[in-house]
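Okay, so here's the structure we're looking at.
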Amino acid sequence: MARNEDDIEVDDTSPEEGGASRVYELGFHLDPELPTEEVKKAYQAIRAAIAERGALVAEGEPEKIPLAYTISRQEPSGRRDFDSAYFAWIAYETSAANHAEVIAALTAEKRVIRFIDLVTTKDAARHAAEMHELSAKVAAPVEAPDTADAEIDAAIEHVAV
């Protein structure tokens, strides 16, 4: 381990030297104007590219979300602004050489608006997947019991103050 100018430990060993692999977490936004079937195809293509080059650890399938800020991208037809996107993530384990191939494949994917790729751990990736599942369960709307408004009004009238 080396230290940089901010006195933070930096792993300066190359994974190729020992053939070691690392765990990466890739988060990406897909074009919100894609049909649902095309979103699934894009996600599966990225997932397959990763699976060819490494082992999947955890993943979160695409969900359409509003973006915190507008993302602009220059395209051959002109500038496009995005205020929403399909967000997905995949955690995977691979070597540095294979990681570079994954990033090259993702960069070539025109349906991806933006992506981020981080070094992580298997435990952190699995924890993120568990937390996502829990938040989805908590966010699910709870159905109110079928009680007529008249019954509620009658109950309120009978309540002693």
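No lab work stands behind these numbers, since they all come straight from the coordinates. These numbers come from a predicted model, not from an experiment. Neighbour counts are summed over all protein chains in view; Cβ atoms, including those assigned to glycine, are modelled from backbone coordinates with ideal geometry.
Note on the stretch 20-138: Cα-Cα pairs beyond 21 Å make up 40% of the total pair count.
Testing the spin-label approximation: label points 7 Å from Cα along Cα→Cβ at I156 and D83. State their distance in nm. Spacing of the two 7 Å Cα→Cβ label points: 3.7 nm. Straight-line cross-link partners of K41 among the lysines, defined as a Cα under 19 Å from its Cα and at least 8 positions apart when in the same chain: K64, K110.
In percent, what relative contact order does the stretch 20-98 have, based on Cα pairs under 8 Å that are 6 or more apart in sequence?
On the way: 125 pairs, mean separation 38.6, N = 79.
With pairs under 8 Å counted, the relative contact order is 49 percent.
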